[in-house]
Amino acid sequence: MINSLIGSVIGGLLLIALPVQASPKLRVGVYVSPPYVIENQVLTVNDISSPNKPSPSPKSSAYQPKSTTKFDGISIEIWQRMATSENLEYEYYIVKEVDTGINQVANGTLDLLVGPISITPERLKKVAFTQPYYSSYLALLVPSHAPNLWQLIHPFLQRAALLTVLGLILLLFLVANIIWFVEHKRNPEQFPKNYFKGVREAFWFVSVTTTTVGYGDKVPVTGTGRFITYLWMWISLAITSSITAGLVTTFTLALTQQPAKELSNLQDLQNKKVALLAGSSYFWTSPLTKGHNLCCRRD
């Protein structure tokens, strides 16, 4: 029988009750949950080769493959290294539920339990836990709904987007004034001498240049005007690229992060119906069950 138990959850993931004195082989329970415990089915075939025995019939059971179970994963590797270091012999038993395995360790049916096992007050009353090697955090699983029209255009109406558009318009207006100033005397047909009419036409010219359309209906004729237009072509190319990248990013975030925006912190869960995984460590320590007016159920 077991004289003493060294109980454990490593990182909330490896529960071990190691006996000081036990049967020749330790009874190791495993709770399958990838990537910590992975169950692999391995097929093997009996050895039927023997010079002194006739070959069995193809229908013989000797030809039937046997299925054996092999366990891998983070928790299994840790346990196997411990067992190798201490020269321990053991055999595995699959446990369907964590609480069942913990009860079996507590009553001596199993010598230890390996798997993704979190720490709760109830479990601490039955067994002890090893030093954790993994810490999990709160995560919310929320339903995904297709965003409506307002949710799609709302990011483009925020302050940053509006200031970008306003800044671009002011820059276009400034360049339009410069183009009109250097062109209206020698090129009044395309850029009239009247300020309002001339700047209006120059604004159109600067705008189509910015979008790299370049209709060709207006062309500067002065050397200074052409030089300014040349510089503006390259500047506008960088501006257009930056704005396009910003619009694509904003639109992508609007589509992919919309469900998470409604529930981004605990305060957003006020008076919401929240389901918590029964028996998990977070169920017992969750601030959702302490000081928050929420509807929580264990089942």
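Each reported figure results from applying straightforward, stated rules to the coordinates on display, with no laboratory input. Given the structure is predicted, the values throughout are model-derived calculations rather than measurements.
Just the Cα atoms of the stretch 98-179, one point each, no solvent: what log10 I(q)/I(0) does Debye give at q = 0.17, 0.21, 0.26 Å⁻¹? Result of the Debye calculation: -0.84, -1.04, -1.20. For the stretch 146-256, the Kirkwood hydrodynamic radius from C-alpha pairs, put into Stokes-Einstein at 37 °C and a viscosity of 0.692 mPa s, yields a diffusion coefficient of 212 µm² per second.
Between amide H atoms placed 1.01 Å from N, distances below 5 Å from Val32 occur with Val95, all of them 5 or more places distant or on a separate chain. The slack in the chain from Leu253 to Asp217, taken as 0.36 nm per residue of separation less the alpha-carbon distance, amounts to 9.1 nm.
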